[in-house]
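Notes follow once the structure below has been shown.
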Amino acid sequence: MYGTYHQQERLTEDEILQGMLDSRQRFAKLDNSRGYQHSFRKKSKWELVRLSLLIVGIECTYATETALVAPILLGIGLPHTVMTMIWATPSLAGLLFAPVIASVSDRLRSRWGRRRPVLLALGCTILTGMLVLPNGTAIGELVGLTSVGWVATITTVGLIMSDFSAETSNGLCRTYAMEVCTIRDQARVLSIMVLTGGIGATMGALFGAINWNRLGIGRLLGGNGPSVFAANWIVLFVGLLVTLTSFSEIPLPVQESEPMLRPVTQKMLLDEVKRAQGEGRVQHEKEEVQEVVGFKQFVHNVLHMPRSMKVLCLTQLLSHMSYLTYCLYYTDFVGATVYEGDVRALKGSAAAERYDDGVRFACLGMALCSTTSSIYSVFIEGLIVRFGARPVYVGGLLAHCCGMLAMGLMPHKLVVFGCCALTGVMYATIYSIPFLLISHYHSKNCFTEVDGQYVESIEPRGFGVDVSMMSSMLCLAQLIVSLAIGAVIDAVGSTIIITFISSAFMLCATGSAMAILYMGL
């Protein structure tokens with residue numbers, strides 16, 4: 001992934017990097033009470049897993065929401081158009097506030113670090129939202145607000161709290177993990193996050209496939225929906241606790257006052273290689289702490305993105321539009337189209353039973369998607385090294401495109417189930433390669449290519465802001481899909497249309513991925 005540099009002493013780039021890390025680790029060990037030395041050493045697989053356990057809870061939350069929110073809202077008595085508009089509310093909140101939260105996180109001067117305090121606040125909000133979301137009817141009865149409008153409002157509040165906070169936490173968790181890892185470990189932690197995230201999504205889907213009423217837990221907690229969210233709540237709580245207690249961050253004031261405690265970036269490494277080769281002198285004392293941008297600079301970064309970031313964000317937007325068209329309506333599609341059930345049928349009727357069976361079968365398909373995503377994520381890094389990021393990225397997107405087309409043309413149980421594996425390949429792709437590319441851009445401080453040469457950026461860009469903007473593409477995609485697709489389904493009269501729309505979106509994303517600046521990755 002990185003080149004090898006030879007000098008008179010025949011030191012390679014890896015050897016120079018190791019020397020820089022060793023010197024910083026020795027400096028950090030002079031004050032063991034602060035515990036910052038871990039930032040300059042290679043992390044074990046278990047340590048990377050600890051950093052990734054919050055992603056398990058977040059992905060479990062996503063899976064639970066995508067499987068059950070549509071049946072919950074439709075079961076209240078809402079039409080598809082209104083149901084999908086409700087799905088747009090957390091997306092709108094994400095577009096407005098997620099980048100702002102990321103900017104605040106970039107500049108936070110807490111002794112506990114920049115990312116962990118924000119992650120703790122967002123985690124508590126997710127946990128609260130998951131208690132409200134499946135219990136809208138029960139809460140309405142408790143406070144005497146039992147109309148459809150009030151129950152839908154209460155449920156929407158829970159959805160906003162859980163979905164918005166989960167999506168914002170997703171990007172910040174990746175930022176936190178990459179910042180406490182060395183540049184050689186960043187690709188490893190991103191791959192492990194996709195792996196563990198797939199495990200979390202599989203757990204969430206399998207929770208939805210269980211008939212909790214037969215186990216007795218459903219009758220105790222008020223039904224299948226609250227039981228699934230309760231299991232999800234436990235997974236998220238454990239993940240939040242383990243990740244936030246894994247590694248301490250180096251606070252921003254410490255980085256500003258002690259240059260030897262600043263993370264080693266790819267740009268710093270290349271400058272050190274040039275210095276060692278006698279090609280130039282590096283003024284370390286004049287280095288500024290990276291990624292710290294004020295609010296005005298943050299707005300400027302958002303409004304004046306380099307072309308490379310624009311294309312990457314567009315590709316991610318189209319990819320998420322395709323994926324969300326599939327996942328937000330997949331359980332309803334299987335229950336209504338494949339199993340020919342009816343979500344509004346009387347409880348206990350044949351149509352209602354068929355719909356419930358279809359939802360549980362769809363959850364198994366989503367579990368297959370997540371399992372495939374986890375398995376494929378193990379091989380992504382090796383595939384990138386062997387074939388390059390472009391073929392791996394484009395191939396992953398095309399897999400989902402073909403799967404959705406096959407699902408629409410042949411809506412049978414085996415086809416619908418098997419094509420979920422192709423979606424898993426795509427999911428692992430869009431949650432690893434784009435973030436790896438952002439890390440690559442920032443580590444080299446290059447976002448532009450002119451005449452085949454990479455041009456170093458002269459404007460500061462916040463790493464957390466760029467990661468958050470990438471994550472915000474999910475919010476924008478969810479907003480667009482939520483406002484448009486429900487009306488299309490009601491107009492056509494069948495959820496089978498979602499498969500063809502999803503395939504078309506992904507085909508456009510594939511074309512956009514061809515134009516991304518991969519910068520030798």
Quick numbers on the stretch 183-248, Rg and Dmax over C-alpha atoms in Å, give 15.6, 50
Ranked output for segments 322-332, 498-508, 146-156, 205-215 by mean other Cβ atoms within 10 Å, highest leading, reads 322-332, 498-508, 205-215, 146-156
Length gained if LEU142 through VAL450 is fully extended, taking 0.36 nm per residue and subtracting the Cα-Cα distance, is 104.5 nm
Taking N as the residue count of the stretch 301-354, its alpha carbon Rg divided by 2.2 N^0.38 Å gives 1.94
With no solvent term and unit scatterers on the alpha-carbon positions of the stretch 305-520, Debye gives log₁₀ I(q)/I(0) at q = 0.09, 0.10, 0.17, 0.18 Å⁻¹ of -0.40, -0.48, -1.13, -1.23
Note: probe point = Cα of ARG34 + 7 Å toward Cβ; backbone nitrogen < 14 Å; residues of the stretch 250-265 passing the test are 250-263
By the mean-Cβ-within-10 Å protection proxy, highest first, 58-68, 470-480, 86-96 rank as 58-68, 470-480, 86-96
Carbon and sulfur atoms account, in whole percent of the 1.4 Å probe accessible area of the stretch 305-520, for 67 percent
Length-normalised contact order of the stretch 305-520, Cα under 8 Å, at least 6 apart, in percent, tallies to 37 percent
At 25 °C in a medium of viscosity 0.890 mPa s, the stretch 1-138 has a Stokes-Einstein diffusion coefficient, with Rh taken as the Kirkwood radius over alpha carbon pairs, in µm² per second, of 124 µm²/s
Expressed per residue, the solvent accessible area of the chain in Å² (1.4 Å probe) is about 40 Å²
Looking only at lysines whose Cα falls under 29 Å of LYS413's and that sit 8 or more positions away or on another chain, we get LYS347
Rounded to two decimals, the Debye log10 I(q)/I(0) of the chain (Cα scatterers, no solvent) at q = 0.13 Å⁻¹ is -1.24
P(r) of the stretch 5-77 over all Cα-Cα pairs, 10 Å bins starting at 0, rounded to whole percent, reads 16, 22, 22, 16, 12, 9, 3, 0
Mean 1/r over distinct Cα pairs of the stretch 53-110, inverted to a Kirkwood Rh in Å, yields 13.7 Å
Taking N as the number of residues in the stretch 430-505, the ratio of its alpha carbon radius of gyration to 2.2 N^0.38 Å works out to 1.61
The percentage of Cα-Cα pairs in the stretch 98-252 separated by more than 22 Å is 50 percent
Expressed in angstrom and rounded, the centroid-to-centroid distance over alpha carbons for the stretch 43-95 and the stretch 455-521 is 17 Å
Taking the chain and counting helices only, DSSP H stretches of n ≥ 4 at -39,500 (n - 2.57) each over all residues, the nearest-500 ellipticity at 222 nm comes to -24500 deg cm²/dmol
Square roots of five times the C-alpha gyration tensor eigenvalues of the stretch 134-204, ordered largest first and given in whole Å, equal 39, 13, 7
Sorted on mean Cβ neighbours within 10 Å (highest first), peptides 263-269, 364-370 come out as 364-370, 263-269
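The values are calculated or read from the model by the stated rules, or taken from the named source; none is laboratory data. The shown structure was predicted, so the numbers you read here are calculated from the model rather than taken from an experiment. In this analysis, Cβ positions are derived from the backbone assuming ideal geometry, glycine residues included, and neighbour counts consider all displayed protein chains. Note: accessible area is taken over every heavy atom of the protein model, side chains too, but ligands, DNA and RNA are not part of it. Shrake-Rupley method; radii C 1.70, N 1.55, O 1.52, S 1.80 Å.
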